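Each reported figure results from applying straightforward, stated rules to the coordinates on display, with no laboratory input. This is a predicted model, so every value here is computed, not measured. Positions of Cβ are generated from backbone atoms using ideal geometry, with glycine treated the same way; all protein chains shown enter the neighbour counts.
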């Protein structure tokens, strides 16, 4: 669950950053189609990695949603805990970086206090 929380936090921060940087309401619709759909379809959320072609396996290995999907699948079916160094730490780092980017964008839009 920690990995899922980190991924949700990272994805939310990315969405906020895009919305603040673009300033256009329609940019979120573009974001959903250009980022969200490829993120889902290149992860192991729908298809296990062993059933993917080799070129898609390479892409899935770098997809943060793959970390979350594999950890949740392993916990559900095999009752195993994820290795923190392989999944939770990278997701936490990604969430932190994207949160910092969103915070800076918010500070620039809102102005100094």
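Miscellaneous remarks
- Relative contact order of the chain: 44 percent, from C-alpha pairs under 8 Å at least 6 residues apart in sequence.
- Structural size metrics of the stretch 1-64, computed from C-alpha coordinates, are Rg and Dmax of 13.8, 41 Å.
- Distance in nm between pseudo-label sites at residue 41 and residue 75 (7 Å out along the Cβ direction from Cα): 2.8
- A viscosity of 1.567 mPa s and a temperature of 4 °C, combined with the Kirkwood radius over C-alpha pairs in the Stokes-Einstein formula, give the stretch 28-81 a diffusion coefficient of 110 µm²/s.
- Taking other C-beta atoms within 10 angstrom as a stand-in for reagent exposure, 22, 87 fall in the order 22, 87, fewest first.
- Residues 52, 37, 28 in ascending order of nearby Cβ atoms (within 10 Å, fewest first): 37, 28, 52.
- Of (i) 1.00; (ii) 1.81; (iii) 1.20, the label for Cα Rg over 2.2 N^0.38 Å derived from the coordinates: (iii)
- Gap separating the Cα centres of the stretch 63-113 and the stretch 1-52, nearest whole Å: 11
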